[in-house]
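First up is the structure itself, then whatever we jot down about it.
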Amino acid sequence: MLTVQSASPNPALLTYVRTYVQREAHLGTRELIEPVVARLGVMLEFEFAGSYEVRNYGSETVEDPNVISVIGPQGWRRSRLIIRGDIESLVVMFQPFGFHALFGVPTALLSNAGTEGHSLLGRKVSRLREQLGNLPTFAQRAKALDTFFLRQVSVPQSVDPLQKALHLLMAPGTGLKVSEVARQTGVGLRQLERRSLDYAGMSPKTLARIARFSHALRLRTERSLSWTRIAHAAQYHDHMHMIRDFREFAGEAPTSALQEIEPEHLIHFAMEPSSSRR
């Protein structure tokens with residue numbers, strides 16, 4: 001099993017960062033498999049011991065792991081992690097628009113892919129990994145991450161109308177269409193599409209669909225509701241509509257998909273509200 005610790009960032013960072021998650025494992029000859037399902041937001045991952053094998057579904061190609069990885073938002077169940085031996089990793093999970101706001105990198109460049117962190121963010125992120133590796137506790141590492149990202153936030157940013165529109169699309173249970181949100185916030189559809197790719201790495205429609213899928217997963221894990229009630233609460237047209245989305249985003253029907261997602265999987269931290277879990 002994986003040992004998992006998590007913590008919320010400094011309140012001043014909650015616009016940008018969802019949570020910090022550290023995972024450790026000493027598996028011996030055992031092997032854990034973690035499907036990577038659709039999710040919003042970029043992840044910054046530091047490896048301190050061991051590494052995951054990333055194996056893609058369908059082609060079965062294997063991606064080389066990096067000691068620092070920037071992993072973009074995922075639009076479908078593209079790959080799975082094979083976890084063996086001794087593992088120690090620390091993950092920064094960003095809000096859907098947080099990575100772009102902090103670093104100015106168009107999120108569309110990162111979608112459905114992993115990128116070596118030093119080549120994207122430069123020497124500062126390599127120095128950060130070295131600093132984190134020298135700290136003995138997760139609490140100290142979380143404070144170091146706070147300090148790093150607070151320096152990155154030079155001037156507090158106001159939320160523009162386009163971000164407000166995209167936040168409306170992600171809001172659980174609204175069932176709003178892209179055209180309705182654009183009209184309510186007074187922005188053009190083409191402009192909304194371009195900014196959605198920059199901010200979130202996907203189209204407004206896909207953003208809304210994955211947000212709804214994540215909301216359905218959260219309802220099931222937090223409240224143990226029936227799938228029929230979840231389909232209604234998450235504003236799916238009907239039960240079959242939800243099943244189709246689960247097959248696209250998680251590779252399985254809802255019950256089978258949930259059986260593959262263990263409590264220590266990172267998707268649980270990507271789909272729940274920002275909070276401290278220790």
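Output the peptides 20-30, 68-78, 119-129 sorted from most to least packed, where packing is the average of other Cβ atoms within 10 Å over each peptide's residues. It would help to have the intermediate numbers written out before the result.
Numbers: 20-30: 16.5, 68-78: 21.5, 119-129: 14.4.
Going by the mean number of other Cβ atoms within 10 Å, highest first, we get 68-78, 20-30, 119-129.
For segment 101-141, report the accessible area per residue in Å² (1.4 Å probe, heavy atoms, rounded to an integer).
Working: 2110 Å² over 41 residues.
Heavy-atom SASA per residue in segment 101-141 reads 51 Å².
Taking H as built 1.01 Å from N, whose amide H comes closer than 5 Å to the amide H of Leu27, not counting residues under 5 places away?
Distant-sequence amide H within range of Leu27: Gly85, Asp86, Ile87.
How would segment 1-62 be classified by its alpha-carbon gyration tensor: rounded, prolate or oblate, with rounded meaning a/c under 1.5 and the a/b versus b/c comparison settling the rest? Kindly include the intermediate steps, with their values, before the conclusion.
Working: a/c = 2.69, a/b = 1.46, b/c = 1.84.
It is oblate, given that a/c is not under 1.5 and a/b is not larger than b/c.
Could you work out the relative contact order of the chain? I mean the mean sequence separation of Cα pairs under 8 Å and 6+ apart, divided by the number of residues, in percent. Mind dumping the intermediate values first?
Working: 520 pairs, mean separation 66.0, N = 278.
For the chain, the relative contact order is 24 percent.
How long is the gain from Val62 to Arg183 if the chain were fully straight, where each residue apart is worth 0.36 nm and the alpha carbon distance is subtracted? Walk me through the numbers on the way to the answer.
Numbers: separation 121, 0.36 × 121 = 43.56 nm, distance 4.42 nm.
The Val62-Arg183 span can extend by a further 39.1 nm.
Solvent-accessible area per residue for segment 1-80 at a 1.4 Å probe radius, Å²?
Details: 3210 Å² over 80 residues.
Roughly 40 Å² per residue, with all protein chains present.
To the nearest 10 square angstrom, what accessible area does Arg218 show with a 1.4 Å probe?
40 Å²
For Val17, which sequence-distant residues (separation of 5 or more, or a different chain) have an amide H within less than 5 Å of its own amide H, given hydrogens modelled in the peptide plane?
Result for Val17 returns Gln95.
Can you work out ³J(HN,Hα) from phi for every residue in segment 22-30, in order, using Karplus 6.51 cos²θ - 1.76 cosθ + 1.60 and θ = phi - 60°, giving whole Hz and x for Gly and Pro?
Going residue by residue, I get 10, 10, 10, 8, 10, 9, x, 8, 6 Hz, with x marking Gly and Pro.
Share of Cα-Cα pairs in segment 1-136 beyond 17 Å, in percent?
Counting every Cα pair in segment 1-136, those more than 17 Å apart make up 61 percent.
Could you go through segment 33-47 in sequence order and give the Karplus-derived ³J(HN,Hα) for each residue, using 6.51 cos²θ - 1.76 cosθ + 1.60 with θ = phi - 60°, rounded to whole Hz, and x for Gly and Pro?
Calculated HN-Hα couplings, in order: 10, 10, x, 9, 8, 4, 7, 9, x, 8, 10, 10, 10, 10, 9 Hz.
Of all the accessible heavy-atom surface of the chain, with the other protein chains kept in place and a 1.4 Å probe, what percent is carbon and sulfur?
Numbers: 6490 of 12990 Å².
That share works out to 50 percent.
For segment 187-199, in order, what is each residue's ³J(HN,Hα) by Karplus, 6.51 cos²θ - 1.76 cosθ + 1.60 with θ = phi - 60°, in whole Hz (x at glycine and Pro)?
10, x, 4, 5, 5, 4, 4, 4, 5, 5, 5, 5, 6
Can you list residues whose amide H is under 5 Å from Leu225's amide H, if they're 5+ apart or on another chain and H is modeled 1.01 Å from N?
Amide H neighbours of Leu225: none.
What residue among Gly173, Gly85, Gly58 has the largest mean-square fluctuation in a Gaussian network model of the chain, using Cα springs under 10 Å?
In the Gaussian network model the winner is Gly58.
The values are calculated or read from the model by the stated rules, or taken from the named source; none is laboratory data. Bear in mind the structure is a predicted one, so any value in this text is a computation, not a measurement. Glycine also receives a Cβ, built like all others from the backbone with ideal geometry; neighbour counts cover every protein chain displayed. Surface accessibility is based on the protein's heavy atoms, side chains included, excluding ligands, DNA and RNA. Shrake-Rupley method; radii C 1.70, N 1.55, O 1.52, S 1.80 Å.
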